[in-house]
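The values are calculated or read from the model by the stated rules, or taken from the named source; none is laboratory data. Since this is a predicted model, take the numbers as computed values, not measurements. Cβ sites come from the backbone with ideal geometry, for glycine too, and all protein chains shown count toward neighbours. These accessible areas exclude ligands, DNA and RNA; they are computed on the full protein's heavy atoms, side chains included. Shrake-Rupley method; radii C 1.70, N 1.55, O 1.52, S 1.80 Å.
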Amino acid sequence: ACAPVLVADKTPEEPKQPTLLDESSLAVDVLFRFDSAVLVRQVTPHTKDALQALDNLVMALSQEDAKVDKVRVVGHTDRLGAPMYNQALSERRAKAVANYLTAKGLKQDLEVLGMGSKQPITSHCEGTRATVELIACLQPDRRVSVELWGTN
């Protein structure tokens, strides 16, 4: 006679969804000239701090216990200019930061996105003409965000 086979009642574990572990933003005006996607060559104290933050990020992510699977770099612009132009500019800025991270040794998967002016931080800046005051007011909208994603 055959003995009954016992099968453990195990429900398959669903794969964990990636979650946002951390996000930091860099002011674009520190890394790029206005209306540019080329990283500045002349290092100021502010630029040095921003680049050091990126260097520190790569160093932290190179540790064996880093639980980050993907790094997402997202470029943003202010609302001045044509939407299609701002979209392309935000993508080029994000790509420039991503290239910097890769050149410094980033090993995680890298995703690069441009949001154009779709996700502003400011809400109090009035006007449509690019005056010195409006450009200064909209400065927080010009940024590159670095998001760390993982499944912990």
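Just a few scattered comments:
- Within the stretch 68-91, the set of residues being farther than 21 Å from Ile121 by Cβ and in contact with a Ser or Thr (Cβ under 8 Å, 6 or more places away or on another chain) comprises Asp69 only.
- Scanning the stretch 105-130 for residues that are of a type outside the set (A, V, I, L, M), modelled with pLDDT under 95 and either under 15 Å from Leu39 (Cβ atoms) or touching a strand residue (DSSP E or B) at 6+ places or on another chain (Cβ under 7 Å) (or both) yields Gln108, Asp109.
- Restricting attention to the stretch 131-152, the residues that are modelled with pLDDT under 90 and assigned to a loop (DSSP other than H, G, I, E, B) add up to 2.
- Considering each residue of the stretch 78-85 in turn, none proves to be of a type in the set (D, E, K, R), open to solvent by 80 Å² or more (accessible area, probe 1.4 Å) and at pLDDT below 90.
- Looking across the stretch 40-66 at every residue that is of a type in the set (Ser, Thr, Tyr) and outside any helix (DSSP H, G or I), the one that is nearest to Ser24 (Cα to Cα) is identified as Ser62.
- Residues (open to solvent by less than 50 Å² (accessible area, probe 1.4 Å), in contact (Cβ under 8 Å) with a residue 40 or more places away in the chain and not in a loop (DSSP other than H, G, I, E, B)) located in the stretch 25-39: Leu26, Ala27, Val28, Leu31, Phe32, Leu39
- Test for Ser123: is it open to solvent by less than 20 Å² (accessible area, probe 1.4 Å) and not in a helix (DSSP H, G or I): no
- Scanning the stretch 90-116 for residues that are assigned to a helix (DSSP H, G or I), open to solvent by 10 Å² or more (accessible area, probe 1.4 Å) and touching a residue at least 12 places away in the same chain (Cβ under 8 Å) turns up Glu91, Arg92, Lys95, Ala96, Tyr100.
- Matching residues in the stretch 41-75 - criterion: being aliphatic (A, V, I, L, M) and surrounded by fewer than 16 Cβ atoms within 10 Å (Cβ to Cβ): Val43, Ala53, Met59, Ala60, Ala66
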